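Let me begin by presenting the structure, written as C-alpha cells, before commenting on it.
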C-alpha cells in the first residue's frame, strides 16, 4: 500500500518482524469504506424492522397495528425463528455458489426495503375487514419470507469482506 508504514514488533521467540500499519485515511478512502457502509445500512434497517414488527403486531387496529395478542405474536416469532434457522442452513451455500455474494446482498437489501410498506398495507386491510383474516396472514408470511432472505445478507457480507480484506 502507498500509505502503509512499517513498525517493528517482536514475536514470542524474540525475533524482530516488520508489521505494516495503515493510516485511517487510507482505510477511509480504500476498499473498506463501502462494505462498512453497506453493513451499517443492513444492520440499521434490519434492527428497525425487527423492533417495529412486534410493536405493529401488538398495536390495536385503529392505531395502525394488527391487534394481535402477545401469545400469537410469540408463536409467530418462534415459528419464524425455527424456520429461518432451517432455511439458512439448507440454502445459504447453494445460493452463494450459484449467484455470488454480491448479487445476493443486493437482493437481500432490496427485500429488506420491501418489508416496510407491508406494515401499512396489512393494517389497511385489517381495518377494511375489521380484523386479521387470510389476506393479512398472507402479508405476514410474505414479510417473514422477505426477512428470511434478508438474513442471508449477514453471511454474504462476511464472504464479501473476507474477499476484500484477505
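Readers should treat all values here as calculations from the given coordinates under stated rules, not as data from a laboratory. For clarity, every value in this text was computed on a predicted model and none was experimentally measured. Every residue, glycine among them, receives a Cβ derived from its backbone with ideal geometry; neighbour counts consider all protein chains shown.
Counting neighbouring beta carbons within 10 Å and listing from fewest to most, the residues 105, 80 come out as 80, 105.
Using only Cα coordinates, the Kirkwood hydrodynamic radius of region 93-138 works out to 12.7 Å. From least to most packed, judged by other beta carbons within 10 angstrom and beginning with the fewest, 57, 116 follow the order 116, 57. Which of rounded, prolate, oblate describes region 34-165, given a ≥ b ≥ c as roots of the alpha-carbon gyration tensor eigenvalues and a/c under 1.5 marking rounded, otherwise prolate only if a/b is larger than b/c? The shape class here is prolate. Classification of region 42-97 by its C-alpha gyration tensor yields an oblate form. The axis ratio a/c (a ≥ b ≥ c) is 1.5 or more, and b/c is at least a/b. For Cα pairs less than 8 Å apart in space and 6+ apart in sequence, what is the mean separation divided by the residue count of region 34-165, i.e. the relative contact order in percent? Worked out over region 34-165, it gives 32 percent. Every pair of different Cα atoms in region 84-161 enters the Kirkwood calculation, which places the hydrodynamic radius at 13.6 Å.
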